[in-house]
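Remarks on the structure that follows.
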């Protein structure tokens with residue numbers, strides 16, 4: 001398994017959108033670079049997800065488009081802007097097409113997603129879209145942030161209000177980068 005997926009384990013919607021790295025807001029590094037990468041991600045994802053028997057390049061393309069809509073929604077939420085209508089429609093359509101519903105389990109603060117679809121790919125799309133709906137409907141949405149460290153750009157939940165980076169490693173990288181820039185510019 002690739003070390004690419006070591007960050008998995010946050011909210012499923014964040015794991016979903018962080019399959020592309022937009023470190024500077026414009027340059028994208030695609031982590032789902034083919035069916036094998038997506039299959040590895042499905043295997044590594046801690047949440048139990050419906051998975052098709054085989055993933056095709058077309059499947060990857062469709063899930064990337066859904067992911068890009070989710071990215072637009074999270075970006076708007078982080079910027080405290082109105083959610084883009086076409087992305088809201090795409091996420092809602094995936095939830096509805098799979099007949100997706102969130103139901104409680106027997107433990108407090110625990111739920112699961114069920115679908116009425118018998119198509120594993122449609123079920124997967126519905127499951128991922130429902131996670132986006134769940135995340136954007138949470139009251140602690142203000143804790144959602146995008147990492148400002150050079151080369152990162154991943155979305156994460158802040159554990160404290162002034163947190164600027166998704167991990168200590170990103171914080172270290174940002175401080176080293178800031179120090180390097182100061183030395184190059186003759187600042188102390």
For residue 10 and residue 112, extending 7 Å from Cα along the Cα-Cβ vector and measuring point to point gives, in nm, a value of 2.6 nm
Subtracting the Cα-Cα distance of residue 142 and residue 44 from 0.36 nm times their residue separation yields 32.5 nm
Relative to the chain, whose Cα atoms define the longest principal axis, helix 85-98 and its Cα axis are tilted in degrees, nearest 10, by 40 degrees
For segment 3-141 the mean separation of alpha carbon contacts under 8 Å (6+ apart) over residue count, i.e. relative contact order in percent, is 24 percent
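How much length is gained if the chain between residue 96 and residue 30 is pulled fully straight, taking 0.36 nm per residue apart and subtracting their Cα-Cα distance, in nm to one decimal?
Length gained between residue 96 and residue 30: 21.0 nm.
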Tilt, helix 57-78 to longest principal axis of the chain (alpha-carbon atoms), in degrees rounded to tens, equals 60 degrees
Rounded to the nearest 10 degrees, the helix 120-136 long axis (Cα) sits at an angle to the longest Cα principal axis of the chain of 50 degrees
Note: the chain at 20 °C, 1.002 mPa s; Kirkwood Rh on alpha carbon pairs; Stokes-Einstein D in µm²/s works out to 121 µm²/s
Calculated from DSSP helices alone, with each H run of at least 4 adding -39500 (n - 2.57) and the total divided by the residues of the chain, [θ]222 nm to the nearest 500 comes to -15000 deg cm²/dmol
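Coordinate-derived values only; no laboratory data. Small disclaimer: the values here were computed from a predicted structure and weren't measured. When we count neighbours, we look across all protein chains shown, and the Cβ atoms used for this are built from the backbone with ideal geometry, even at glycine.
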